[in-house]
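First the structure, in the form of structure tokens, and then the observations on it.
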Amino acid sequence: MTEAKKRVLSGIQPTSDSFHLGNYVGAVKNWITMQEENDAFYCVVDLHSLTVEQDPTLLRKRTLTSVAQLLALGLDPEKCTLFVQSQVPAHNQLAWIMECVTGFGEASRMTQFKDKSQKNGNDRTVVGLFTYPMLMAADILLYQTNFVPVGEDQRQHVELTRDLATRFNSKYGKSFVVPEPYIMKATAKIYDLQDPTSKMSKSADSASGLIDLLDTPEVNTKKIKSAVTDTGREILFDETNKAGISNLLTIHSALSGKSISELENEFAGKGYGDFKGAVAEVVVETLRPVRDKTNELLSDGNHLASVLKQGAEKASEVADATVKHVYEVLGLIPRA
Ligand code: TYM
């Protein structure tokens, strides 16, 4: 008997004009691999992006650009279900239920909420930022998910999701699969090129440490060649003393498929300049077809719309069944 496929779900926010290299190497690269052997659901989480004020025209554009980028990077709608979160209303339905089983204290302990709300101050922090992890839990639990491929920064949210699933199951009977985070240690955190102790992030103060997938080869080459390194000369993986070089080794290895030790041997005796040039080449050559393909896909709105229609239909089928069950066990009366 063949074993049933495992369920996989993950999401990404459409909050900028391009995904960055951390998104790709830390998460989306695994999404692409995992669509082969699993029943995978991937969503562009536009509702999550509303926790920060968005310009409506820009949000529409960025949502479509996100979908196009995911396809250009290698997601195949024949192998996975790709959809936009707001097109599947079950996400909101289950999010409310999750809010009603989450303690105020445990939600207050989420580090992303603490960091972001501290940075912006109480008056500029919306309640949606506080309840963000419960919407994320709903995203995951709706699909009876086994594995959630994410970067390290999302681990705590997945752990909360596990707690909520376990709690709900023990109160109301088994309703959810308890999901596991799927985080590749080597690439779980890609660092900022200018500050290799902070993660690469679209909310960084300066864009000079961030590689946007859709940026031009010239801009990306320049950023990599100006990456901050140490004063030594050797190309060695040593995260404590050589954070910048180690980050570049991780990036090269993830994109070229060569192991870190192979790269250390290849660049033994060569300088940082040569090495940065090689990293820039691997990055630029990986991203060139992605940029071209994204633009091509964006010029065919009908194709994108049909991918999303099919995705939303497939996702709704699974998600609605979960909501139906959850409403029932909670004692909500179905509409006649
Ligand atoms: P988001 O949109 O911030 O990031 C998308 C994915 O990219 C990963 N990532 C990184 N990985 C390694 N190094 C980095 N520097 C780096 N920066 C970002 C993130 O860990 C993430 O996997 N809350 C989520 C979106 C979400 C979600 C979900 C994820 C909503 N619902 C359900 C999984 C399951 C977020 O804001 O990701």
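The values are calculated or read from the model by the stated rules, or taken from the named source; none is laboratory data. Computed from a predicted structure; not experimentally measured. No Cβ is skipped: glycine too gets one built from the backbone with ideal geometry, and neighbour counts run over all protein chains shown. Ligands, DNA and RNA are stripped out before the accessible areas are found, and what is left, the full protein with its side chains, is counted by its heavy atoms. Shrake-Rupley method; radii C 1.70, N 1.55, O 1.52, S 1.80 Å.
Annotations for the structure displayed:
- Note on the range 157-216: residues that are of a type in the set (Val, Ile, Thr) and within 18 Å of the chain's Cα centre (by Cα) total 6.
Each row is one residue, and each column tells you yes or no for (1) part of a helix (DSSP H, G or I); (2) buried (at least 16 other Cβ atoms within 10 Å of the Cβ).
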site: Trp31; (1), (2): yes, yes
site: Glu53; (1), (2): no, no
site: Thr57; (1), (2): yes, no
site: Arg62; (1), (2): yes, yes
site: Leu82; (1), (2): no, yes
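- Residue match in the range 207-216 (condition: small (Gly, Ala, Ser), more than 10 Å from the ligand (Cβ to nearest atom), closer than 17 Å to Ile97 by Cβ and open to solvent by less than 40 Å² (accessible area, probe 1.4 Å)): no
- Of all residues in the range 1-15, those that are open to solvent by 10 Å² or more (accessible area, probe 1.4 Å) and near the ligand (Cβ under 9 Å from one of its atoms) total 4.
- Filter pass, Asp195 being within 8 Å of the ligand (Cβ to nearest atom) and charged (D, E, K, R): no
- For the range 32-91, residues that are over 14 Å from the mean Cα position of the chain (by Cα), within 18 Å of Ala315 (Cα to Cα), within 11 Å of the ligand (Cβ to nearest atom) and not aliphatic (A, V, I, L, M) total 1.
- The number of residues in the range 111-125 that are within 19 Å of the chain's Cα centre (by Cα) and basic (Lys, Arg) comes to 1.
- All positions within the range 144-179 that are away from the ligand (no atom under 11 Å from the Cβ) and in contact with a strand residue (DSSP E or B) (Cβ under 6 Å, 6 or more places away or on another chain): Gln144, Asn146
- Checking Ser170 against (1) in a loop (DSSP other than H, G, I, E, B); (2) closer than 30 Å to Asp320 by Cβ, the condition it does not meet: (1)
- Restricting the first member to the range 172-191 and to residues that are touching a residue at least 24 places away in the same chain (Cβ under 8 Å) and open to solvent by 80 Å² or more (accessible area, probe 1.4 Å), and the second to residues that are within 14 Å of the ligand (Cβ to nearest atom) and aromatic (Phe, Trp, Tyr), the beta-carbon pairs closer than 8 Å and six or more apart or on different chains are Glu180/Phe147.
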